[in-house]
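K.L.:
Starting off with a structure, shown below.
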2 protein chains.
Amino acid sequence: MSSGKLIIASGEACADLRYASGFSTPDDFIWFAAQDICGVVMSSLEYNRAKSAAAPGVSVFSEEEMGGPGRLEIIQHIAAAYRLSGFIVPEDFPLIWADRIRSCGLTVTPAAERFFPEREFKSAREAEQITRSLRAAEAGCRRAFEVLRETEIASDGTLLRNGSVLTSEELRFEIDSTMMKLGMLPTGTICAGGFQGSQPHNAGSGPLYAHTPIVMDIFPRSAENGYWGDLTRTVVRGKPKDIVKKAYDAVQEARETAKKYISPDAACADIHKAAAAVLEKYGFYTGRNEKGDYGFFHGLGHGVGLDIHELPRLSPRYPGKLKPGAVVTIEPGLYYPEWGGIRLEDMVFLDETGNARCLTQIEDFLIL
Amino acid sequence: MSSGKLIIASGEACADLRYASGFSTPDDFIWFAAQDICGVVMSSLEYNRAKSAAAPGVSVFSEEEMGGPGRLEIIQHIAAAYRLSGFIVPEDFPLIWADRIRSCGLTVTPAAERFFPEREFKSAREAEQITRSLRAAEAGCRRAFEVLRETEIASDGTLLRNGSVLTSEELRFEIDSTMMKLGMLPTGTICAGGFQGSQPHNAGSGPLYAHTPIVMDIFPRSAENGYWGDLTRTVVRGKPKDIVKKAYDAVQEARETAKKYISPDAACADIHKAAAAVLEKYGFYTGRNEKGDYGFFHGLGHGVGLDIHELPRLSPRYPGKLKPGAVVTIEPGLYYPEWGGIRLEDMVFLDETGNARCLTQIEDFLIL
């Protein structure tokens, strides 16, 4: 008796499942690995599509073939058929199913580290798929530059496009539709101006203004293969304040400094700290006052793959080291409610030979 | 000592959390309810935004205020501060956290039925939000009708738009960009022609052809409030085969017949069976052969709200009854690899007074 592996999730919600099965569904299904076999158990609704879309080596079973349609019966059938004492599952395995399976006398054990630790280390092909999504993000960003350059500045400071006020929503539409034409799903593009830009995950809404930074954080996912790209640029239409120019220089230098640290066995926390030190050198400190957090209060970066946020984390609390195969973002930022936010984000691939390569290919400037 | 309630998830992935907190994040955070309080515990990255976006009555705490940043310490702090013996959690609560919390001597119990049973019953305001997303789906669908009507039929049967072959991808772009302008996130629009349409969740790819059905299943989500709409129409450009015309009539009659059953205390399974009986009356049977499944092999419909698929299910295996507040899809379909698929989907709201009202307002036709 040994343990198998088990996932119950939807391919859309669970990157592990998409990685393992090769396809994506809106509804939950079962993936398992036992002895020499790995398979999926599909409802009639998805059976035919799974047959044509499953990754090589993945067997497709109908619920009836596996003792179903009841899910618990299917899982017991798998355990009996492959002589399993239980299953190793992902950390986010649904509790209700863990409790039900355990009550049948089978073990259910969350994977000690990650369910597929190999997901952290990208093959050249995966890096290429990520790069394609990143290229789409760059195309979206260039479209935004174009739109912003064509605006005029009204007497009240708003940006005018063809005579009417340009909004975050409209700029986002221009970016997103550009990316969709390239086969991307744009799921949360940020176009946040002024004060809104001082909240790192504020998507932005309403009129856009001149003379104040506009943060554009663009992270499309390939509809075809599920890999993400991630890019942030910050621009000002008009004349930025001196403090904004200084913050831009600081963030840019922090990003370039951090990139130099990307190498095999570099401690992730140290890379964050190197970037933070540059920001402090420029006089930008981090803290909290009555208005909330200010300064540089998020991690420097994160892995990107089938999840937009995955390991490793470039944060002061993350204990890991970089290894060949890492694809990470480097995205220092500065946020002050008084003048807004600046964030600049590139992606770097540490390839199997230990060479760090910046994947991002788009120009860098503050003023347009 | 009593039990609190606890969610650990991201607002983007977990509709329960969005329902409870009023906002959405890409990363996991903690929501809890205990005694008279309900609150969220946010990292610095999201603290300011949560302060401005949290639903009325939701207190926003920083990780440090609640004994963090460690997540297990935060949860123990909450249990101690509010004198809790444990937590009730959603069914899909992540197993790793359940095991960790249990190992501290606290109980973790998946909700017996649903975590927020009230999510199944929509207020007039929720029905209105769903309807707005549905209107966007209708606008996208009308745009597709327009695009298809403008095509010419090439000698090889492909549809030509401005001289080049129209593809599923291009038609999807037209639908999705129309909806995005209306504030929607289009996440998986299906435009599947011919054989591809015989797989209910095949999104469709490549050239579109005349004389064969094109299934368009359109389900946008409001970027602002997270509620979904859901709409399916099937059309043929050119001359459909007689079997396709007959299947269309059968599916349309099945849908209209099912609608008449939408009333308080109707058994969900019976509504499915009523629709299936109409399809059989027309001679369309369901089964599986060497090519896979054929006929009507999915549930008739499902609830829609902050999840695209939620309770109740209109399926032969679902034991529940309809109650006032239900918003359900009615979407019978017929699928045969030989000629493709037909699916027609409307949405119905059973309001608090027990009146069933069809929310969908778009014309119904096969040939354009």
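K.L.:
Which residue, of B:GLU126, B:GLU91, B:GLU113, B:GLU118, is away from every other protein chain (no Cβ under 14 Å) and within 30 Å of B:ILE75 (Cα to Cα)?
P.N.:
Numbers: B:GLU126 fails: within 30 Å of B:ILE75 (Cα to Cα); B:GLU91 fails: away from every other protein chain (no Cβ under 14 Å); B:GLU113 fails: away from every other protein chain (no Cβ under 14 Å).
That would be B:GLU118, the only listed residue that is away from every other protein chain (no Cβ under 14 Å) and within 30 Å of B:ILE75 (Cα to Cα).
K.L.:
Please tell me if B:ARG149 is within 30 Å of B:GLY226 (Cα to Cα), surrounded by fewer than 19 Cβ atoms within 10 Å (Cβ to Cβ), in contact (Cβ under 8 Å) with a residue 24 or more places away in the chain and more than 10 Å from chain A (Cβ to nearest Cβ). Full working, then the answer.
P.N.:
On the way: within 30 Å of B:GLY226 (Cα to Cα): no; surrounded by fewer than 19 Cβ atoms within 10 Å (Cβ to Cβ): yes; in contact (Cβ under 8 Å) with a residue 24 or more places away in the chain: yes; more than 10 Å from chain A (Cβ to nearest Cβ): yes.
For B:ARG149, the condition - within 30 Å of B:GLY226 (Cα to Cα), surrounded by fewer than 19 Cβ atoms within 10 Å (Cβ to Cβ), in contact (Cβ under 8 Å) with a residue 24 or more places away in the chain and more than 10 Å from chain A (Cβ to nearest Cβ) - is not met.
K.L.:
Go through A:GLU338, A:GLU363, A:GLU352, A:GLU310 for me and flag whichever is surrounded by fewer than 20 Cβ atoms within 10 Å (Cβ to Cβ), modelled with pLDDT under 95 and not assigned by TED's automatic domain parsing to the domain that holds A:ASP265.
P.N.:
Values: A:GLU338 fails: not assigned by TED's automatic domain parsing to the domain that holds A:ASP265; A:GLU352 fails: not assigned by TED's automatic domain parsing to the domain that holds A:ASP265; A:GLU310 fails: not assigned by TED's automatic domain parsing to the domain that holds A:ASP265.
Step by step, each of A:GLU338, A:GLU363, A:GLU352, A:GLU310 is checked, and only A:GLU363 is surrounded by fewer than 20 Cβ atoms within 10 Å (Cβ to Cβ), modelled with pLDDT under 95 and not assigned by TED's automatic domain parsing to the domain that holds A:ASP265.
K.L.:
Give just the number: which of (1) surrounded by fewer than 21 Cβ atoms within 10 Å (Cβ to Cβ); (2) free of Cβ contacts under 8 Å to residues at least 60 places away in the same chain; (3) over 20 Å from B:GLY226 (Cβ atoms); (4) hydrophobic (A, V, I, L, M, F, W, C) does B:ILE88 not satisfy?
P.N.:
Result: B:ILE88 passes all but (2).
K.L.:
Could you check, for region A:7-20, whether at least one of its residues is farther than 25 Å from B:SER10 by Cβ and aromatic (Phe, Trp, Tyr)? If you could, list the steps in order and put the result at the bottom.
P.N.:
In the first step, residues of region A:7-20 are kept if they are farther than 25 Å from B:SER10 by Cβ; the result is none.
There is no residue in region A:7-20 that is farther than 25 Å from B:SER10 by Cβ and aromatic (Phe, Trp, Tyr).
K.L.:
Which of the residues that make up region B:316-355 are among the hydroxyl-bearing types (Ser, Thr, Tyr) and in contact with a strand residue (DSSP E or B) (Cβ under 8 Å, 6 or more places away or on another chain)?
P.N.:
Taking region B:316-355 and keeping what is among the hydroxyl-bearing types (Ser, Thr, Tyr), we get B:318, B:329, B:335-336, B:353.
Within region B:316-355, B:TYR318, B:THR329, B:TYR335, B:TYR336 meet the criteria.
K.L.:
Moving on to the next point. Does A:GLY22 count as more than 9 Å from every other protein chain (Cβ to nearest Cβ) and touching a Lys or Arg at 6+ places or on another chain (Cβ under 8 Å)? Break it down stepwise before answering.
P.N.:
Working: more than 9 Å from every other protein chain (Cβ to nearest Cβ): yes; touching a Lys or Arg at 6+ places or on another chain (Cβ under 8 Å): no.
No, not satisfied.
K.L.:
If you don't mind, another one. Mind listing whichever residues of region A:108-128 are of a type in the set (S, T, N, Q) and in contact with a Phe, Trp or Tyr (Cβ under 9 Å, 6 or more places away or on another chain)?
P.N.:
Applying the first criterion (of a type in the set (S, T, N, Q)) to region A:108-128 yields A:109, A:123.
Correct list: A:THR109 only.
K.L.:
Okay, moving on. Can you find, within region B:196-208, the residue that is surrounded by the most Cβ atoms within 10 Å (Cβ to Cβ) among those that are assigned to a loop (DSSP other than H, G, I, E, B) and of a type in the set (S, T, N, Q)?
P.N.:
First, the residues of region B:196-208 that are assigned to a loop (DSSP other than H, G, I, E, B): B:199-206, B:208.
Then drop every residue that is not of a type in the set (S, T, N, Q), which leaves B:199, B:202, B:205.
Numbers: B:GLN199: 27, B:ASN202: 22, B:SER205: 15.
Out of the qualifying residues, it is B:GLN199.
K.L.:
Which number in (1) at pLDDT below 95; (2) out of contact with any Lys or Arg (no Cβ under 9 Å at 6 or more places or on another chain); (3) away from every other protein chain (no Cβ under 14 Å); (4) more than 22 Å from B:GLN199 (Cβ to Cβ) marks the one condition that A:SER2 misses?
P.N.:
(2)
K.L.:
I've got another one for you. Yes or no: region A:214-232 includes at least one residue that is surrounded by fewer than 24 Cβ atoms within 10 Å (Cβ to Cβ) and either more than 24 Å from the chain's Cα centre (by Cα) or part of a helix (DSSP H, G or I) (or both).
P.N.:
Within region A:214-232, none of the residues are surrounded by fewer than 24 Cβ atoms within 10 Å (Cβ to Cβ) and either more than 24 Å from the chain's Cα centre (by Cα) or part of a helix (DSSP H, G or I) (or both).
K.L.:
Does A:TYR285 meet the test of being outside any strand (DSSP E or B), more than 13 Å from the chain's Cα centre (by Cα), under 24 Å from A:GLY197 (Cα atoms) and more than 10 Å from chain B (Cβ to nearest Cβ)? Walk me through it before giving the result.
P.N.:
Values: outside any strand (DSSP E or B): yes; more than 13 Å from the chain's Cα centre (by Cα): yes; under 24 Å from A:GLY197 (Cα atoms): yes; more than 10 Å from chain B (Cβ to nearest Cβ): yes.
Yes; evaluated as a whole, the condition is true for this residue.
K.L.:
Still on this structure: Are any residues in region B:196-251 more than 28 Å from B:ALA127 (Cβ to Cβ) and without any contact (Cβ under 8 Å) to a residue 24 or more places away in the chain, and if so, which ones?
P.N.:
If the condition is that a residue be more than 28 Å from B:ALA127 (Cβ to Cβ) and without any contact (Cβ under 8 Å) to a residue 24 or more places away in the chain, then B:ASN202, B:ASP242 are the ones that fit.
K.L.:
Sticking with this structure for a sec: Hey, can you tell me all the residues within region B:158-195 that are free of Cβ contacts under 8 Å to residues at least 24 places away in the same chain, in a loop (DSSP other than H, G, I, E, B) and more than 10 Å from every other protein chain (Cβ to nearest Cβ)?
P.N.:
So the first thing to find is which residues in region B:158-195 are free of Cβ contacts under 8 Å to residues at least 24 places away in the same chain, and the list is B:160-164, B:170, B:173, B:177, B:180-181.
Adding the requirement that they be in a loop (DSSP other than H, G, I, E, B) leaves B:162-163, B:181.
Of everything in region B:158-195, those that are free of Cβ contacts under 8 Å to residues at least 24 places away in the same chain, in a loop (DSSP other than H, G, I, E, B) and more than 10 Å from every other protein chain (Cβ to nearest Cβ) turn out to be B:ASN162, B:GLY163.
K.L.:
Would you confirm, using the coordinates I've provided, whether A:ASP27 is within 24 Å of A:LEU106 (Cβ to Cβ), touching a His at 6+ places or on another chain (Cβ under 7 Å) and surrounded by fewer than 21 Cβ atoms within 10 Å (Cβ to Cβ)? Quick ask: steps written out before the conclusion?
P.N.:
Values: within 24 Å of A:LEU106 (Cβ to Cβ): yes; touching a His at 6+ places or on another chain (Cβ under 7 Å): yes; surrounded by fewer than 21 Cβ atoms within 10 Å (Cβ to Cβ): yes.
In short, yes.
K.L.:
Kindly evaluate B:GLY295 against the criterion of being among the small types (Gly, Ala, Ser), more than 19 Å from B:PRO319 (Cα to Cα) and away from chain A (no Cβ under 14 Å). First the steps, then the outcome.
P.N.:
On the way: among the small types (Gly, Ala, Ser): yes; more than 19 Å from B:PRO319 (Cα to Cα): yes; away from chain A (no Cβ under 14 Å): no.
Judged against the criteria, B:GLY295 is not a match.
K.L.:
Let me ask something else about it. Does region B:288-299 hold any residues that are outside any strand (DSSP E or B) and either among the acidic types (Asp, Glu) or at pLDDT below 90 (or both), and which are they? Write out each step before concluding.
P.N.:
As a first pass, look at region B:288-299 and keep what is outside any strand (DSSP E or B): B:290-291, B:296-299.
Within region B:288-299, B:GLU290, B:LYS291 qualify.
K.L.:
Is it the case that B:ARG255 is touching an Asp or Glu at 6+ places or on another chain (Cβ under 8 Å), buried (at least 17 other Cβ atoms within 10 Å of the Cβ) and not in a helix (DSSP H, G or I)? Walk me through it before giving the result.
P.N.:
Values: touching an Asp or Glu at 6+ places or on another chain (Cβ under 8 Å): yes; buried (at least 17 other Cβ atoms within 10 Å of the Cβ): yes; not in a helix (DSSP H, G or I): no.
Judged against the criteria, B:ARG255 is not a match.
K.L.:
Does A:ARG142 count as out of contact with any Gly (no Cβ under 8 Å at 6 or more places or on another chain) and over 30 Å from B:ASP99 (Cβ atoms)?
P.N.:
Values: out of contact with any Gly (no Cβ under 8 Å at 6 or more places or on another chain): yes; over 30 Å from B:ASP99 (Cβ atoms): yes.
So A:ARG142 fits the description; yes.
K.L.:
Is at least one residue of region B:331-342 touching a residue at least 12 places away in the same chain (Cβ under 8 Å) and either of a type in the set (Lys, Arg) or more than 14 Å from chain A (Cβ to nearest Cβ) (or both)?
P.N.:
yes
K.L.:
Just wondering, is there one or more residues in region A:168-175 that are under 18 Å from A:THR360 (Cα atoms) and surrounded by 17 or more Cβ atoms within 10 Å (Cβ to Cβ)?
P.N.:
Here is the first cut: in region A:168-175, the ones under 18 Å from A:THR360 (Cα atoms) are A:175.
Still in the running and surrounded by 17 or more Cβ atoms within 10 Å (Cβ to Cβ): A:175.
Yes, there is a match, as at least one residue in region A:168-175 is under 18 Å from A:THR360 (Cα atoms) and surrounded by 17 or more Cβ atoms within 10 Å (Cβ to Cβ).
K.L.:
Which count do you get for residues in region B:315-335 that are buried (at least 24 other Cβ atoms within 10 Å of the Cβ) and small (Gly, Ala, Ser)?
P.N.:
2
K.L.:
Here's another thing I want to ask about it. As an exercise: evaluate A:GLU12 against (1) in contact with a Gly (Cβ under 9 Å, 6 or more places away or on another chain); (2) among the charged types (D, E, K, R); (3) within 24 Å of B:PRO337 (Cα to Cα) and give the number of the one condition it does not meet.
P.N.:
(3)
K.L.:
Okay, next question. Considering A:LEU134, A:LEU95, which residue is of a type outside the set (Gly, Ala, Ser), in contact with an Asp or Glu (Cβ under 8 Å, 6 or more places away or on another chain) and assigned by TED's automatic domain parsing to the domain that holds A:ARG313? Walk me through how you get there before you give the answer.
P.N.:
On the way: A:LEU95 fails: assigned by TED's automatic domain parsing to the domain that holds A:ARG313.
Answer to the check: A:LEU134.
K.L.:
Name every residue in region A:324-368 that is of a type in the set (Gly, Ala, Ser) and in contact with a Cys (Cβ under 7 Å, 6 or more places away or on another chain), in order of residue number. Steps first, please.
P.N.:
Filtering region A:324-368 for residues of a type in the set (Gly, Ala, Ser) gives A:325-326, A:333, A:340-341, A:354, A:356.
If the condition is that a residue be of a type in the set (Gly, Ala, Ser) and in contact with a Cys (Cβ under 7 Å, 6 or more places away or on another chain), then no residue fits.
K.L.:
If we keep just the residues of region B:5-19 that are among the small types (Gly, Ala, Ser) and under 21 Å from B:PRO117 (Cβ atoms), which is nearest to the other protein chains (Cβ to nearest Cβ)?
P.N.:
Here is the first cut: in region B:5-19, the residues among the small types (Gly, Ala, Ser) are B:9-11, B:13, B:15.
Retained after the next criterion (residues that are under 21 Å from B:PRO117 (Cβ atoms)): B:9, B:11, B:13, B:15.
Values: B:ALA9: 9, B:GLY11: 11, B:ALA13: 6, B:ALA15: 11 Å.
Looking at residues that are among the small types (Gly, Ala, Ser) and under 21 Å from B:PRO117 (Cβ atoms), I get B:ALA13.
K.L.:
Name the residue that is surrounded by the fewest Cβ atoms within 10 Å (Cβ to Cβ), counting only residues in region B:35-85 that are in contact with a His (Cβ under 7 Å, 6 or more places away or on another chain) and away from chain A (no Cβ under 14 Å).
P.N.:
The extreme case among them is B:GLY67.
The values are calculated or read from the model by the stated rules, or taken from the named source; none is laboratory data. Everything numeric in this text was worked out from a predicted model, so none of it was measured. Heads up, the Cβs are rebuilt from the backbone with ideal geometry, glycines too, and the neighbour counts pull from every protein chain shown.
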